[in-house]
Structures are given as C-alpha cells and as structure tokens.
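What follows is calculated from the coordinates using simple rules that are stated; it is not laboratory data. Just so you know, these numbers come straight off a predicted model, no measurement behind them. Cβ: placed from backbone, ideal geometry, glycine included. Neighbour counts: every protein chain shown.
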Amino acid sequence: MGLIKHDRGKPNWALLPLVIIKEIVEVLTFGAEKYSPGGWQKGEFFDSQDRYFAAALRHLEEFQSGKRVDEESGLSPLAHALCNIMFVLWYERFKQPLGGSNAQQVRQGSDEQEAAR
C-alpha cells in the first residue's frame, strides 16, 4: 500500500527557479558587504520604499539599454531589479505603503519642523 502525501493546496516550492534565486542572493551578499547585512530592512530613510522602486526601474532601464552586467557588482541588472522589487514587496507587507502620499507627508512634516527652527 502506497503512502499518500496530502499536499494539495500548499505552495509548490519545486517551481522556484533556484538558479535565479541564487543570483538575487548574490546581489544581497554584495549589498551586505557594501552597506550592512539586512540594512535594507532598517528603512533608514523615510522614503526607502520609493528609493528601492526607483532603483529597480534604473536597473530595468540598464538592461533595456543593452547592459547585461552591472559595472560595480559584476552581476545582472535584472537580478538587481528583482532584489529591489523584493524590497518594495517587503515594505508593502511589513512597513509602509509605497509612494507619494506617505513620503510626501513625512517630507512636509520635516520641512515644517526645519522652518520652525
């Protein structure tokens, strides 16, 4: 009698292309050495999510314009873009919403505090 594995409805992790995930991990390792391990999660800037979104777009533009290797890291611009998109998704789930309204409110508050000094 064969065993039955009840995994219907569960995520199928075997579908994840680990060779691509490895490239993202290489970008994360490069960033950890350049900045700090997990530094991207600290949100040191009030507009961190916006910055990561913009960085993803810059890397996509690099790829679209023909660059296949990032000059500084030696890694794929697409791996950099995926990494930045992952950061944006992480902020979306765990930190703050993307975009102008929240970042703009923080900027305005900072500007008002500076003006009051």
Could we say that P37 is surrounded by fewer than 12 Cβ atoms within 10 Å (Cβ to Cβ), touching a helix residue (DSSP H, G or I) at 6+ places or on another chain (Cβ under 9 Å) and on the phi < 0 side of the Ramachandran plot here? yes
Could you grab me the full set of residues in the stretch 1-51 that are touching a residue at least 60 places away in the same chain (Cβ under 8 Å) and of a type in the set (D, E, K, R)? D47
If you go through the stretch 44-68 one residue at a time, how many are surrounded by 13 or more Cβ atoms within 10 Å (Cβ to Cβ), of a type outside the set (S, T, N, Q), touching a helix residue (DSSP H, G or I) at 6+ places or on another chain (Cβ under 7 Å) and more than 15 Å from L82 (Cβ to Cβ)? 4
